[in-house]
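Here is the structure we will look at.
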Amino acid sequence: MEIKYNRVLLVKVLLFLVIVLVCGLSVFGCVGRGSIPKGWSGGVVADSILFLGSMEGKLVAVDISSHTRLWEVPLETSEQTSGFGCAPASTAVAIYGSPAITEELVYVGGYNGKIYAFSVGKDEPRWIYPREGNLQPIVGGAIVSQGKLYFGCSDGKVYALDAADGYTEWEFQTGSKIWATPVIDSETLYIGSFDKKLYAVDAATGEEKWGKPFETQGAIISTPVVYNNTIYIGSFDRYLYAIRITDGSLVWKSEVKADNWFWTKPVVFNNTIYAGNLDGKVYILDTETGEEIVDAIDLGRPISSSPVLVDDSVIVASEEGQVWIIDTTNNQKSELKNLEEKVYASLCASDGVVYIHTSKEELYALNAQSGAELWTLSLRS
Amino acid sequence: MEVFGQAWNLIILEPIINVLIVLSHYLFSNFGLAIIALTIVVNGAMYPLIRKQLSSSKAMQELQPKMAELQKKYAKDKEKLAKEQMKLYKESGVSPAGCLVPMLIQMPIWIALYQSIIRLLAVTPEDFLGLSQYLYSWSVVYSALPLGSNFLWLNLATSDPLLLLPLLVGGTMWVQQKMITPTTADPKQQTQSRLMLWMMPLMFAFITLSFPSGLALFWVTSSVIRIAIQYFVTGWGGLVKVATPKSPDRDKKYRKRIAQVEEKTSEYADTGADIVEPTSGQEEGLDYGQSGDNRQDRGRGDSARLKGIRREPGRSRSHRPKRR
């Protein structure tokens, strides 16, 4: 069959290619740009109630004894649009960090750059910070200590608010955006930043401690762990660090170098640190020396959800939804359950039960020892 | 499909992403400069393809008058028309696929560049987490991330608030398109040419309004480089009314072949007819060293020449010598 080549055909083909290219770019743009941040909030348990953020932008309270939804309240609807068919006119506010709770209020930060404080059961927030406008996206979780609420923001600042009314106590500026959750120990707040530094800040005044922040070669997203007057932190430079809490000096830098970023908060137990990595391995190091106790346990898929300690076992989930238990007595792994759903949210445990929020908006309650599925609850409306 | 995706990532996407990170590290931690540098490098690497595409495209344009004649001549016999067109392409050494194949080869590269920039800008946590799976184990890659997104007045991760970039994107694409748009007397082709001339620049300018500036920077740089290459390969083309293009040897080869074909065609026409001496205007039309509107003149020259072919009284087809 002979093909008829002429100019009309050529122009048509060119037009078709242009349209395909533009449509392709648009599709890749929408996908690649992740125009709709979805969130991956982990949970916090208090008085048999599990609080977490749903991917529909709601703060949800689940009664874990009756495994029913007690209450849910949507955060504001984002007005942001990305245009060119990448996003609907309005989207739910993505929630990445776990909520913080006090006896009176539940706090949650949104990707829309606002912090919300709710009384449980009430549809209207007690207060919203900032009152007007928005901060940059809030990705890390918030924590409450001694009447103050602390959180880091993508504008590079650490904010301390009065937990009761949401007014600013102090702000502390770092060199780049903050996606990490802070931790407080002995009146000092520790937080990592994209500027590759770990900061120690006076929790009462917001003044920087140490002479200068501790610097690594990579961004710091994971939440630090304080144990025996030492801070343990993983960095994007693929090393784990132990830092003296008193002056911010280096105790050790891990001999082993991972193959990817340390994204999640490590677990420390019995002088051993368990750190999941995006290379799919759990690194097990001696807290005193930084040497590997055993070879890293390979789970095969990236670990982007923070593991949790239940009794003397570390429960860790891979991104693909395989849930593993690591026995800390012999550092052997065994599979608890394969959820076959993506898991990015930090794991949460209470009374021997592990709660896992998957990317399909399912909340799983697993027995931490047997892996038996106790119940599931859909967080979808 | 999954295998294709993995191969795409491994062979194309990952190298580009990691090279961009390294470039950014060595270019003063400036991602904007890295985008410009890589766009220049990629265009340089694809220069032979781009040049082939442009030369073929130009040669195709130069064949258009002959094509128009054939279309007119065989308007009622599509099959014959197709055969004659193929014959003309073959004899002139021009392949219509000559412009499409290089373009098809380049498209995946452009799409990969586009995807790489999008992934490296990694605005949302999901994007950033996804980026981790494309990185080589080079230390420089890990220490360079996250890339700074400020360049000149732009935040490369967001659209340009001053709207200068959409204008630049649209403007440079229009110039580029105008340079390759042939001038033609055919109203139908004029409409198509106009459509091509305006559609792509407008579409890209429009999507630049909402896309990250990093991508727009890539598009502007690409267009500027392509304009430069086009200038050296084919001259200003349709951008100026009369211009003497810089003609590389390859173009000369095409022109020579086309001239040979035309001579052949003239010989065929001569077999049963006498040729009226061409006027000076017709001679101008046969000068293939000209471009732009002159091609139109050339078309008219050919047409006039054919009109000038007339059968001498008393000589019939039977006197036509056999073609060897």
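Ranking A:HIS67, B:HIS25 by Cβ neighbours within 10 Å, fewest first, what do you get?
On the way: A:HIS67 14, B:HIS25 19.
Fewest-to-most ranking of A:HIS67, B:HIS25: A:HIS67, B:HIS25.
Please pull out the direction-averaged projected area of the stretch B:20-67, using the convex hull of its alpha-carbon atoms, in nm² to one decimal place. It would help to have the intermediate numbers written out before the result.
On the way: hull surface 16.0 nm².
Dividing the Cα hull surface by four gives the mean projection, 4.0 nm².
Taking the Cβ of each residue in A:THR181, A:THR328 as the centre, tally the other Cβ atoms inside 10 Å and list the residues starting with the fewest.
Sorted ascending by nearby Cβ count, the order is A:THR328, A:THR181.
Mind sorting B:LEU197, B:LEU38 by how few other Cβ atoms lie within 10 Å of their own Cβ, fewest first? Don't skip to the end; give the middle numbers.
Details: B:LEU197 17, B:LEU38 22.
Listing B:LEU197, B:LEU38 from fewest to most nearby Cβ atoms yields B:LEU197, B:LEU38.
Go through the stretch A:113-219 and name the chymotrypsin sites (Phe, Trp or Tyr not before Pro) that are in a DSSP coil and have 15 or fewer other Cβ atoms within 10 Å of their Cβ.
Details: sites: A:TYR116, A:PHE118, A:TRP127, A:TYR150, A:PHE151, A:TYR159, A:TYR167, A:TRP170, A:PHE172, A:TRP179, A:TYR190, A:PHE194, A:TYR199, A:TRP210, A:PHE214; in loops: A:TYR167, A:TRP179, A:PHE194, A:TRP210.
Sites meeting the loop and neighbour criteria: A:TYR167.
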In whole Å, how far is the Cα centre of the stretch A:311-381 from that of the stretch B:127-148?
-> 28
Rounded to the nearest 500, what is chain A's calculated 222 nm mean residue ellipticity when only DSSP H runs of at least 4 contribute -39500 (n - 2.57) each, over all residues?
-> -2500 deg cm²/dmol
Provide, for q = 0.13, 0.17, 0.22 Å⁻¹, the log10 of I(q)/I(0) from a solvent-free Debye sum over equal Cα point scatterers in the stretch A:247-360.
-> -0.45, -0.76, -1.24
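Let me know the volume per residue of the alpha-carbon convex hull for chain A, in Å³.
Working: hull volume 70.8 nm³, N = 381.
So the per-residue hull volume is 186 Å³.
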Per residue of B:126-134, count partner chain C-beta atoms within 10 Å of its C-beta, then hand back the mean as an integer.
-> 6
Shielding by partners - mean other protein chain Cβ count within 10 Å, residues of B:135-146 = 5
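If you count, for every residue in A:324-334, the Cβ atoms of partner chains within 10 Å of its Cβ, what is the mean? Mind dumping the intermediate values first?
Details: counts 0, 0, 0, 0, 0, 0, 0, 0, 0, 0, 0.
Neighbouring Cβ atoms belonging to other protein chains average 0 per residue here.
Assign unit charges at the C-beta atoms only (+1 for Lys and Arg, -1 for Asp and Glu), then state the dipole size of the stretch A:152-199 relative to its Cα centre in Debye, rounded to the nearest 20. Don't skip to the answer; put the middle values down first.
Working: 4 positive and 8 negative charges, 78 e Å.
Rounded to the nearest 20 debye, it is 380 debye.
Computed from the coordinates by the stated procedures, all read-outs in this text should not be read as laboratory data. These numbers come from a predicted model, not from an experiment. So basically every Cβ, Gly included, is an ideal-geometry build from the backbone, and we count neighbours across all protein chains shown.
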